[in-house]
Amino acid sequence: MEIMAETSPDTTENRPGGKSIPSISMLGVKVHRIDMATTLEAIRGFIVEDGPHMIVTADASMIAMAQEDDELKSIINSADLVTPDGSGIIKGARILGTPLIERVSGVDISRHLCRLSAEDGFSVFLLGAEPGVAELAAENLTRDYPGMHLAGTHHGYFKPDQDAEIAAKVRDSGAQVLLVAMGIPRQEKLIRARIQEMGVSVAMGVGGSLDVFAGKVKRAPVWFQNHGLEWAYRLAKDRSKISKVAVLPKFLMMVVKERLFGSRK
Ligand code: UDP
């Protein structure tokens, strides 16, 4: 199943199987107009197909970062699937006049994949977070989804010169799905550089998701999530998130400019 890269606004993309997934362009970055159900269907297709597939869960901070980082921008635009992860992107798409359907976050996709692993039989490798966190996350997830196939875990505090060694560990585990929780853009760059040698069918960057699954970080209550205020809750809980939150108004201003004056490139 191929969801072709296309960055022009409001483009309908064809993929085999008669279905199509449209995408929009936001500040030169592709984002698919997709809901959770279609995302999971696409990922299940990727798992049974040959070859590796990269999924990006894009939030406003990532799109803002991509304005200064051409490598990151090209990684996002060449990904097989880019989901809208965060209220900033949903607001931005509305401002551009190309609204998206709903938030499809890395943490939610990851949970669904662990559930589907038990049903479909594919295996999942958890890579990232501080030592011990991936193991705790695995313990909680395998308890929540009995029958989930865990291929392995590894923490995310290793140097780039150990990337090959970690990639070999993932390959040797036989994992089909790899969730990488090492933060933006490290996780996206690691996946793009090593996805072939890791031998996985699907790899996805999932930010702080393993901290959430391990119970180290609480997600915002549903009310905050439904009102696009998850960022405010996180900031109130953890002041170190200030730089990530501060990027939001800057991001929305860039989107307003794109709406008024067109794209810069
Ligand atoms: N992390 C990691 N290796 C590093 C730096 C960070 O594994 O070298 C982990 C960190 O422990 C945390 C996650 O990456 O679990 C980043 O979470 P955050 O919510 O900051 O992600 P982002 O906002 O970048 O998506």
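The values are calculated or read from the model by the stated rules, or taken from the named source; none is laboratory data. As the structure is a computational prediction, the values presented were derived from the model and not from experiment. Note that we place each Cβ from the backbone using ideal geometry, even for glycine, and neighbour counts take in every protein chain shown. All accessible areas refer to the heavy atoms of the entire protein, side chains included, with ligands and DNA or RNA removed. Shrake-Rupley method; radii C 1.70, N 1.55, O 1.52, S 1.80 Å.
Computed from label points 7 Å out along Cα-Cβ, the spacing between residue 119 and residue 197 is 3.6 nm. For the pair residue 219 and residue 162 in one chain, pulling the backbone fully straight at 0.36 nm per residue adds 17.4 nm over the alpha carbon distance. Under the convention that each Lys and Arg Cβ holds +1 and each Asp and Glu Cβ holds -1, the size of the dipole of the range 89-226 around its Cα centre is about 520 debye.
Express the Stokes-Einstein translational diffusion coefficient of the range 88-187 in µm² s⁻¹, to the nearest whole number, given a Kirkwood radius over alpha-carbon pairs, 4 °C and a viscosity of 1.567 mPa s. Write down the numbers at each step before the final one.
Values: Rh = 15.0 Å.
D = 87 µm²/s.
Summing Lys and Arg as +1 and Asp and Glu as -1 over all other residues whose Cβ lies under 13 Å from the Cβ of residue 221 gives a net charge of +3. I want to check the label-to-label distance for residue 70 and residue 101. Put each point 7 Å from Cα in the C-beta direction and report it in nm to one decimal. That separation, rounded to one decimal, is 3.5 nm.
3J(HN,Hα) couplings calculated from phi for the range 203-212 with the Karplus curve 6.51 cos²θ - 1.76 cosθ + 1.60 (θ = phi - 60°) are, in sequence order, 10, 9, x, 10, x, x, 4, 5, 4, 5 Hz; Gly and Pro show x.
The angle separating the long axis of helix 242-261 from the principal Cα axis of greatest extent in the chain is about 40 degrees. Between helix 163-173 and the chain there is an angle of about 60 degrees, using the helix long axis and the longest principal axis of the Cα atoms.
Given a 1.4 Å probe and heavy atoms of the protein chains only, how would you sort 245, 56, 48, largest accessible area at the top?
On the way: 245 20, 56 0, 48 125 Å².
Sorted by accessible area, descending: 48, 245, 56.
Of all lysines in the structure, the ones whose alpha carbon falls short of 19 Å from that of residue 169, not counting any fewer than 8 places away in one chain, are 159, 189. Ligands, DNA and RNA excluded, the heavy atoms of residue 242 present near 80 Å² of accessible surface to a 1.4 Å solvent probe. With both labels modelled 7 Å from their Cα along Cα-to-Cβ, the residue 171 to residue 49 distance reads 2.3 nm. Determine the distance separating the Cα centre of the range 110-177 from the Cα centre of the range 55-96; give it in Å without decimals. Between the Cα centre of the range 110-177 and that of the range 55-96, the gap is 24 Å. Electrostatic tally near residue 230: other residues with Cβ closer than 14 Å to its Cβ, Lys and Arg +1, Asp and Glu -1, net +3. What angle do you read, to the nearest 10 degrees and between 0 and 90, between the alpha-carbon axis of helix 106-120 and the longest principal axis of the chain? It works out to around 40 degrees. Overall, the accessible surface of the range 25-146 at a probe of 1.4 angstrom is composed of carbon and sulfur to the extent of 49 percent. Segment residue 256..residue 41, full-extension length gain: 74.1 nm, with 0.36 nm per residue of separation and the alpha-carbon distance subtracted.
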